[in-house]
Amino acid sequence: MGDQKKSHIVIIGAGVGGLAAAGLWSKAGHKVTLLESHYAVGGCAGYFRRPEGAYDVGATTLSGMIGNRPLAKLSKDLGLNLENELVPCDPGITLWDQEFIHLRKGIDEIAQEFSQLGVDLDEIKEELKRWSEIEKGLWSFLEHTGSFPYLDPLKALKVGLENIDLLKNPAIFTKTFYEFLPQKFKENQKFVKFINGLLLVSTQQTSHTCPAFMGIMGIMYPRDTWLHPQGMMGFCQKLVEAIEKFGGEIRLREKCLKVDYKKDQIVVHTNKDVYQCDKVIFNIHPELVKEMVDHCSLNTIYAKKLKQKGELWGAMTAYLKIPNPVKLSYQYLQCHIDAQKNRLGIGTLFYSFSNDSKRVTVSSHINLNGDFDSIRENKDKYLCLKQEYAQLVRETLAMVCDELNLEDIWLESVGTPKTFRRYTGRARGEVGGLIHNSTLSLLRLIPNKVVKDKFYHVGDFSFPGQGIVSVIQSAYNTLE
Ligand SMILES: Cc1cc2nc3c(=O)[nH]c(=O)nc-3n(C[C@H](O)[C@H](O)[C@H](O)COP(=O)(O)OP(=O)(O)OC[C@H]3O[C@@H](n4cnc5c(N)ncnc54)[C@H](O)[C@@H]3O)c2cc1C
């Protein structure tokens, strides 16, 4: 980008996608103004402070630090020094479903754990090695192309030839992960159930709908999960420092209301100011873009993409404190519970313990297509829902974790989709990006270069998917 004309870029939304884009574009010498409507940055990966320390609002773990994966690359490019600060999460995930499965970094260790589910140790070890090679190829493909599927067949073939494990396994792009599994593993219902539980956290889908290549990345990702010692607050602050170091400006509590595009002029109106700029990067929900933009081809693109939206997901969260912290052998625990037995219909709870084990963020998905709106309107029902959730997460943790009794687990607060609406501006508190149930369905996502040279989109509704690692990749995809 060195010789190119320097532009003024307004970025709307300081989620991780907006923060990463602001860092990269300001490092490249452009004038960057990052607008954030909330009082803090981070969005779904934000934080809030309490006397006992900061709590993560939603996301708690980071991934993509191996080799030249997006987070490692961002750390090098912006001088974040994460390689010396992040703590590996090992086991990356501990799953509990009447018994524990610890997903550690080593293939042998993972194979050992899976063999407890009744699959043959040597066979699963071989399969994991194969997946690991494919996973390496997929990351390398992503590094060179920035997306799946890639629409330039010649370049895709060239990169594919350099990553022969991909070409040897074309089925990963055409089959679901379940179809891709060797027959012996498919027949083991216990194994499939665990795989499905694991894929829920990484892809929001089960093996029956998830494209095989995403399933492989989803199964292998716990080997590449990390925690910042100060949680998301520490991670977000590093990004803020980098943006400011490169001359970018972050304006908090400044909400973008309207974007006009007339005669080659982009004008951004906020609740506080008006900006004339050369480019706009949206890091907000596509519905919000559609409402604020006056540009017919952009409106058409967003309207078309939004038509194909599937189920709406929100997050229920609870923030717990452990006054007398205990040493646990894991930091990230995924518990499978009986969805029929709780009125909330929740089947999975994700517990993430802070570095000092004093604070716990618990989250789960809830379906917003149901009667959530009517519950939200009714104060008593709403309070009841929060209380039920608090009870569910405390009781489950006490049941699963021998080291903790119910009275050792205190409640700080409960967050509902309303909380996420406050943090992200997303209507109804919808989180989670678009569901991909085939490789081609990835084309539904908002492209990162929506109208090249003028409008860009980053974040988990845009290529190449969701999670912090993906939104960082989406920021890279805006560079020219
Ligand atoms: C409960 C939960 C747990 C998760 N756990 C993990 C995890 O452990 N690891 C992981 O990798 N991923 C996790 N994820 C996913 C990850 O958090 C998201 O994919 C990612 O943070 C989304 O980032 P984004 O860039 O799309 O921006 P968002 O987080 O959506 O942020 C958008 C920002 O735009 C701002 N904004 C909105 N409207 C306006 C406006 N008009 N003007 C100005 N600003 C505006 C919002 O305030 C917000 O700050 C989790 C998500 C949730 C909900």
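Quick note: the coordinates plus some simple rules give every number you see, no bench work behind them. Predicted, not measured: the structure shown is a model, and the values here were computed from it. Virtual Cβ from ideal backbone geometry, glycine too; neighbours counted across all protein chains shown.
Just want the answer: with Cβ charges of +1 for Lys and Arg and -1 for Asp and Glu, which residue in ALA315, GLY347, ASN405 is farthest toward the dipole's positive end in the stretch 313-429? Final value for the positive-end residue is ALA315. Couplings 3J(HN,Hα) for the stretch 150-157, derived from phi with the Karplus relation 6.51 cos²θ - 1.76 cosθ + 1.60 (θ = phi - 60°), are 9, 8, 9, x, 5, 5, 4, 5 Hz, where x marks Gly and Pro.
Amide H contacts under 5 Å for CYS89: THR225, TRP226, LEU227, restricted to partners 5 or more places along the chain or on a different chain, H placed in the peptide plane at 1.01 Å from N. Here LYS321 is the anchor, and the lysines within straight C-alpha reach of less than 21 Å, apart from those fewer than 8 places off in the same chain, are LYS358, LYS386. When restricted to Cα atoms, the chain yields an Rg and a Dmax of 22.0, 66 Å, respectively.
Sequence-distant contacts, meaning Cα pairs under 8 Å at least 6 residues apart, place the relative contact order of the chain at 22 percent.
If you look at the Cα atoms of the stretch 378-480, you get an Rg and a Dmax of 19.4, 57 Å. Given R0 = 45 Å, the distance between the Cβ atoms of LYS263 and ASN81 translates into a calculated FRET efficiency of 0.50. About the centre of its Cα atoms, the chain shows a dipole size close to 1640 debye [charges on the beta carbon of Lys, Arg (+1) and Asp, Glu (-1) only; nearest 20 debye]. Using the rule -39500 (n - 2.57) for each DSSP H run of four or more residues, divided by the residues of the chain, the 222 nm mean residue ellipticity is -11500 deg cm²/dmol.
Considering only TYR389, ALA72, THR145, the residue lying farthest towards the positive end of the dipole of the chain is THR145, judged by Cα position with unit charges set on Cβ. Qualifying trypsin sites (Lys or Arg not before Pro) in the stretch 429-459, where qualification requires a DSSP coil assignment and no more than 12 other C-beta atoms within 10 Å, comprise LYS452. Each peptide in 205-211, 255-261 was scored by the mean count of other Cβ atoms within 10 Å over its residues; highest first, the order is 205-211, 255-261.
Less than 5 angstrom separates the built amide H of SER147 from none of the residues sequence-distant by 5 or more or on a different chain. When Rg and Dmax are taken over the Cα atoms of the stretch 313-429, they come to 14.3, 42 Å. In loop segments of the stretch 87-180 as defined by DSSP, the GluC sites (Glu not before Pro) with at most 12 further C-beta atoms inside 10 Å of their C-beta are GLU99. Residue by residue, the stretch 298-305 carries 3J(HN,Hα) couplings of 5, 4, 5, 4, 5, 4, 5, 5 Hz when phi is fed to the Karplus relation 6.51 cos²θ - 1.76 cosθ + 1.60 (θ = phi - 60°); x denotes Gly or Pro. With the highest mean first, a sort of the peptides 469-475, 301-307, 422-428 on other beta-carbon atoms found within 10 angstrom per residue produces 469-475, 422-428, 301-307.
Report note on the peptides 329-337, 53-61: ranked by the mean count of other C-beta atoms within 10 Å, highest first, their order is 53-61, 329-337. Backbone geometry of the stretch 69-74 corresponds, through the Karplus equation with coefficients 6.51, -1.76 and 1.60 at θ = phi - 60°, to 3J(HN,Hα) couplings of 5, x, 5, 4, 5, 4 Hz, x marking Gly and Pro. For VAL431, the residues 5 or more places off, or on other chains, whose built amide H falls under 5 Å of its own are TRP313, GLY314, ALA315.
In this structure, the pairs whose alpha-carbon distance is over 27 Å, taken from LYS76/LYS449; LYS6/LYS307; LYS305/LYS452, are LYS6/LYS307.
If you wrap the Cα atoms of the stretch 56-136 in a convex hull and average its projected area over all directions, you get 7.0 nm².
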